[in-house]
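For reference, the structure discussed in these notes is given below.
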Amino acid sequence: MGAGKTAVGRQLARRLGLPFEDADAWLEKRTGVDIAYIFEKEGEDGFRRRERRAIDTLTQRDPIVLSTGGGAVMRPANRRRLAERGIVVYLHTTVDQQWQRVRHSLHRPLLRQEDPKGVLTALFDLRHPLYLGLADIVVDTDGAKVPAVADHIADVLRTHHGFCPA
């Protein structure tokens with residue numbers, strides 16, 4: 001959360017000449033409601049089931065740049081599909097940087113708590129090892145500008161992964 005997945009993903013897709021998909025936006029478009037509403041009506045578990053189906057569908061498209069929600073990595077099925085069907089990039093950011101980026105956001109259901117920074121810390125502690133275990137590429141985004149991050153990822157994809165879109 002707050003690492004820049006959507007912003008970097010959009011710019012990376014442009015640089016590579018590929019379509020971009022944001023799993024949350026894709027899900028919102030198909031359900032006709034926002035993620036916060038799904039959380040409210042179905043809880044996090046209901047949202048995660050929908051997210052799993054979205055990731056399964058989107059990872060079957062080839063090739064695209066896909067941005068997933070930060071919690072997608074918590075489901076083993078999501079990790080399997082992402083690892084088997086693509087190159088996974090982890091946009092690493094510290095909790096302090098995340099907090100600076102999301103503290104005024106009104107559309108993040110997991111942060112609607114008494115201690116949102118504490119929630120970010122707990123989520124980071126849970127998710128970080130999973131991201132590291134899954135990622136083919138890790139990029140530190142603290143203090144980095146979106147265009148520079150997208151350029152770096154594109155260079156790594158071309159140089160180290162032989163990626164050359166059709």
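Can you give the log10 of the normalised intensity I(q)/I(0) at q = 0.16, 0.18 Å⁻¹, computed with Debye over equal Cα scatterers of region 6-95?
Once normalised to I(0) and log-transformed, intensities are -0.65, -0.82.
Check cross-link reach from LYS29 to the aspartates and glutamates: straight Cα distance under 16 Å, and skip same-chain residues fewer than eight apart.
Within reach: GLU21, GLU51.
Working from Cα positions, state the angle (0 to 90°, nearest 10) between the long axis of helix 76-85 and the longest principal axis of the chain.
With both axes taken from Cα atoms, the answer is about 20 degrees.
Could you please state how large a percent of the accessible area of the chain is carbon and sulfur, counting protein chains only and using a 1.4 Å probe? Intermediate results must be reported in sequence, preceding the final value.
On the way: 4520 of 9090 Å².
C and S atoms contribute 50 percent here.
Using a Gaussian network model of the chain with C-alpha springs under 10 Å, which one of GLY32, GLY133, GLY69 is most mobile by mean-square fluctuation?
In the Gaussian network model the winner is GLY32.
Please turn the phi angles of region 55-61 into ³J(HN,Hα) values with the Karplus equation 6.51 cos²θ - 1.76 cosθ + 1.60 (θ = phi - 60°), one per residue in order, whole Hz, x for glycine and proline.
Calculated HN-Hα couplings, in order: 5, 4, 5, 5, 6, 8, 7 Hz.
Amide H of ARG61: which non-local residues (sequence gap of 5 or more, or other chain) have their own amide H closer than 5 Å, using H built in the peptide plane?
none
Can you give me the angle between helix 5-16 and the longest principal axis of the chain, using Cα atoms only, in degrees from 0 to 90, rounded to the nearest 10?
Between the helix axis and the principal axis of the chain, the angle is about 20 degrees.
In nanometres, what is the gap between the two model label sites at ASP136 and GLN60, each 7 Å from Cα along Cα-to-Cβ?
2.1
Which value in deg cm²/dmol, rounded to the nearest 500, describes the helix-derived mean residue ellipticity at 222 nm for the chain, given -39,500 (n - 2.57) per DSSP H run of n ≥ 4 and division by the residue count?
-19000 deg cm²/dmol
Compute the longest continuous run of the chain that contains no exposed trypsin sites (Lys or Arg not before Pro); treat a site as exposed when its DSSP state is not H, G, I, E or B and it has at most 16 other Cβ atoms within 10 Å.
Answer from the scan: 1-60.
Which of these, TYR90, TYR37, TYR131, has the largest mean-square fluctuation under a Gaussian network model of the chain (Cα springs below 10 Å)?
TYR37
Kindly report the accessible area of region 25-86 per residue (heavy atoms of protein chains, probe 1.4 Å, no ligands, DNA or RNA), in Å².
53
The values are calculated or read from the model by the stated rules, or taken from the named source; none is laboratory data. Model, not experiment: these values are computed from the prediction. Positions of Cβ are backbone-derived with ideal geometry, glycine not excepted, and every protein chain shown enters the neighbour counts. Just the protein is used for accessible areas: all its heavy atoms, side chains included, with ligands, DNA and RNA removed. Shrake-Rupley method; radii C 1.70, N 1.55, O 1.52, S 1.80 Å.
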